[in-house]
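Asks: Shown below is the structure under consideration.
The values are calculated or read from the model by the stated rules, or taken from the named source; none is laboratory data. Keep in mind it's a predicted model, so treat the numbers as computed, not measured. Here the Cβ positions follow ideal geometry from the backbone for every residue, glycine too, while neighbour counts run over all protein chains shown.
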Amino acid sequence: MVKKRVRDPEVLADAPPAKVDGDDSGSDDDVDMVNVDFEWFNFKPDIDFHGTKSLLRQLFDVDSQLFDLSALADLILSQPTVGSTVKVDGEDTDAYAFLTILNLHEHREKSVIKDLTQYIIEKSKSNPALAGLSNLLSANANACVGLILAERLINAPSEISPPMYTMLIDEIEAAVEDKEPYEFTHYLIISKTYREVESSLDREDAPRTKKNKSNNTGNEIFYFHPEDEVLKRHALASGSYEYTKDEGEGIADSKRAFQELGIKPQGSMIVIEASKFEGAVKAIGEYLSPPQQ
């Protein structure tokens, strides 16, 4: 059980250590495990600007070029008691992960939110599964949408995610009690998925057989964040979309990471009604929390 977070910038209660893969050069039966103590902190503007901006760049991938990430990071840091950073070596270091929420209506006049909202509307129109999202974000809608942004370094374990979401619920409840603008009707999570694609290098070396052609592109969607697959089960709408900026086949080849296929990242959006969000977060905890010792 995660304790309710105090709403001033102090460190949270220690979480159980997460086990992270160490030297994986040996066999599957001989893998060293390293215990790492992760700590959860409130955002600290004078420390977390560059780390938050870097993680935002990773979250939006090639389309990060379309946004003023400095302005977005400043906006996130302007609400330090809502959202979390996860660190290893103390509060004055860069975060391994972050999670926050922004009120799209409250900040609608800010340039970076205008750009983000227009981007979301355009991308929702590219996937029928997301078609209703533009109506939620229209000026005449009665909906109040909270935009959840979450990202972590590739070597950060997924087990750090459940506490961040649980704390977010507590923080939103506390903010609403304090008459702050965090009473949402819907939550929108922007994230990333990917598809496996045949490497262009393989296609150059291999005969162009029928099998080669049929395997050029896969339809199965994979998740960078395992919790997104859980959130999707509770969603009003969810789907992936192509990035605006084209990174090209060469980049996909560079992301092969010792596997036969390259990967093609895509953006992802998940819309959850407020009444179902707490249940979705509970399901994340059940799915990802480390086993009891």
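Asks: Out of (1) of a type outside the set (D, E, K, R); (2) within 20 Å of the chain's Cα centre (by Cα); (3) surrounded by 15 or more Cβ atoms within 10 Å (Cβ to Cβ), what's the single condition that is false for ASN155?
Replies: (3)
Per-residue answers, yes or no, for (1) crowded, with 19+ Cβ neighbours inside 10 Å; (2) farther than 19 Å from SER268 by Cβ; (3) acidic (Asp, Glu); (4) under 19 Å from the mean Cα position of the chain (by Cα):
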| position | (1), (2), (3), (4) |
| --- | --- |
| ASP61 | no, no, yes, yes |
| PHE67 | no, no, no, yes |
| PRO80 | no, yes, no, yes |
| ILE101 | yes, no, no, yes |
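Condition check ((1) within 24 Å of THR117 (Cβ to Cβ); (2) aliphatic (A, V, I, L, M); (3) surrounded by 15 or more Cβ atoms within 10 Å (Cβ to Cβ); (4) at pLDDT below 95) across all residues:
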{"position": "ASP14", "(1), (2), (3), (4)": "no, no, no, yes"}
{"position": "GLY22", "(1), (2), (3), (4)": "no, no, no, yes"}
{"position": "VAL34", "(1), (2), (3), (4)": "no, yes, no, yes"}
{"position": "LYS53", "(1), (2), (3), (4)": "yes, no, yes, no"}
{"position": "LEU56", "(1), (2), (3), (4)": "yes, yes, yes, no"}
{"position": "LEU75", "(1), (2), (3), (4)": "yes, yes, yes, no"}
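Asks: Looking at ILE113, ILE169, ILE148 in this structure, which one is within 22 Å of GLU39 (Cα to Cα), assigned to a helix (DSSP H, G or I) and of a type in the set (A, V, I, L, M)?
Replies: Numbers: ILE113 fails: within 22 Å of GLU39 (Cα to Cα); ILE148 fails: assigned to a helix (DSSP H, G or I).
Checking each option against the conditions leaves just ILE169.
Asks: A further question on this structure: Condition (residue is modelled with pLDDT under 65 and on the phi < 0 side of the Ramachandran plot) applied to the range 274-289: is it met by at least one residue?
Replies: Filtering the range 274-289 for residues modelled with pLDDT under 65 gives none.
No, the range 274-289 has no match at all.
Asks: May I ask you to say which residue of ALA129, ALA174, ALA141, ALA150 is among the small types (Gly, Ala, Ser), surrounded by fewer than 19 Cβ atoms within 10 Å (Cβ to Cβ), under 23 Å from TYR241 (Cβ atoms) and at pLDDT 90 or above?
Replies: Values: ALA174 fails: under 23 Å from TYR241 (Cβ atoms); ALA141 fails: at pLDDT 90 or above; ALA150 fails: surrounded by fewer than 19 Cβ atoms within 10 Å (Cβ to Cβ).
After applying the criteria, what remains is ALA129.
Asks: If you don't mind, there's one more thing I want to ask. What are the residues in the range 111-130 that are free of Cβ contacts under 8 Å to residues at least 40 places away in the same chain and either under 17 Å from ILE148 (Cα atoms) or touching a Lys or Arg at 6+ places or on another chain (Cβ under 7 Å) (or both), if any?
Replies: Answer for the range 111-130, where residues must be free of Cβ contacts under 8 Å to residues at least 40 places away in the same chain and either under 17 Å from ILE148 (Cα atoms) or touching a Lys or Arg at 6+ places or on another chain (Cβ under 7 Å) (or both): ILE113, LYS114, THR117, GLN118, ILE121.
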